Amino acid sequence: MTQPIFLIGARGCGKTTIGQALTHACDFHFVDTDLALQQRSGMTVADIVAAEGWAGFRARETQTLISVTQPNTVVATGGGIILAAENREFMRQHGVVIYLNAPVSVLASRLEAFPEAEQRPTLTGKPISEEVADVLAQRDALYRETAHYIVDASSTPDQVVALIQNALHLATAI
Ligand SMILES: Nc1ncnc2c1ncn2[C@@H]1O[C@H](COP(=O)(O)OP(=O)(O)O)[C@@H](O)[C@H]1O
Ligand SMILES: O=C(O)C1=C[C@@H](OP(=O)(O)O)[C@@H](O)[C@H](O)C1
Ligand SMILES: [Mg+2]
């Protein structure tokens, strides 16, 4: 299989971490839409949102998604990539989409331990655990309708990578 693999899911589900580990396991290249758009603009996510609002960030995110998509590539996306219908359609048409699914308690404890405020400026103004619950409630259906496969992302990184590889073997067998 050479199709790109898109990792989607909430902040803290491990798209960036698992994406890097997966590229070693399946000998793909790694790209992360947030890292790519920050390198190109010379600004952090927080800088872009402060200067251009979330609409400016979302426009850059869509451009970046299209430009980084190549064969043999794992694309770690940002948690809000599924908000735009064009992004959802693009990912489903151009590759295999995997939803890294984890409960609110797991997401909140990871984000509380490593908030990375420059990467994750607040979306709602609420404390982390409330924000995670609210945002996941709004987006879970979009992650599910976009995904070809849903993988439990609450176990260790090695275990999550193994679950993805199982799903991809299914994909190559079809
Ligand atoms: N499977 C995992 N088990 C434990 N910690 C994890 C796991 N996946 C990610 N993390 C940790 O959670 C935090 C957020 O991970 P990250 O990959 O940045 O998530 P995302 O890109 O989905 O927002 C990081 O500190 C990372 O080390
Ligand atoms: O969920 C979101 O709307 C966002 C998630 C972030 O990426 P991660 O999911 O990699 O943290 C980043 O793209 C930005 O802060 C917006
Ligand atoms: Mg990330």
Margin query: Quick check on my filter: what residues within the range 105-115 are surrounded by 14 or more Cβ atoms within 10 Å (Cβ to Cβ) and either within 15 Å of ligand 3 (Cβ to nearest atom) or closer than 15 Å to VAL151 by Cα (or both)?
Written below: VAL106, LEU107, ARG110, LEU111, PRO115
Check: If we keep just the residues of the range 11-59 that are more than 20 Å from PRO71 (Cα to Cα) and in contact with a strand residue (DSSP E or B) (Cβ under 8 Å, 6 or more places away or on another chain), which is nearest to ligand 1 (Cβ to nearest atom)?
Finding: GLY14
Checklist line | Answer from LEU22, LEU37, LEU65 - the residue that is in contact with a Lys or Arg (Cβ under 6 Å, 6 or more places away or on another chain), within 15 Å of ligand 3 (Cβ to nearest atom) and open to solvent by less than 40 Å² (accessible area, probe 1.4 Å) | finding: LEU37
Note to self: Among the residues of the range 84-95, are any under 23 Å from VAL160 (Cβ atoms), within 13 Å of ligand 3 (Cβ to nearest atom) and open to solvent by less than 10 Å² (accessible area, probe 1.4 Å)?
What the structure shows: no
Note to self: Looking at the range 150-164 only, could you name the residues that are open to solvent by 40 Å² or more (accessible area, probe 1.4 Å), among the β-branched types (Val, Ile, Thr) and part of a strand (DSSP E or B)?
What the structure shows: ILE150
Check: THR2 is checked against (1) in a loop (DSSP other than H, G, I, E, B); (2) among the hydroxyl-bearing types (Ser, Thr, Tyr); (3) within 12 Å of ligand 1 (Cβ to nearest atom) and fails just one. What number does that condition carry?
Finding: (3)
Check: Counting only residues that are away from ligand 2 (no atom under 16 Å from the Cβ) and surrounded by 16 or more Cβ atoms within 10 Å (Cβ to Cβ), which one in the range 118-149 is farthest from GLY12 (Cα to Cα)?
Finding: HIS148
Next item on the list: Keeping to the range 1-19, report how many residues are open to solvent by less than 40 Å² (accessible area, probe 1.4 Å), within 15 Å of ligand 2 (Cβ to nearest atom) and β-branched (Val, Ile, Thr).
Entry: 2
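The values are calculated or read from the model by the stated rules, or taken from the named source; none is laboratory data. Remember, predicted model here, so these are calculated numbers, not experimental data. Glycine also receives a Cβ, built like all others from the backbone with ideal geometry; neighbour counts cover every protein chain displayed. Just the protein is used for accessible areas: all its heavy atoms, side chains included, with ligands, DNA and RNA removed. Shrake-Rupley method; radii C 1.70, N 1.55, O 1.52, S 1.80 Å.
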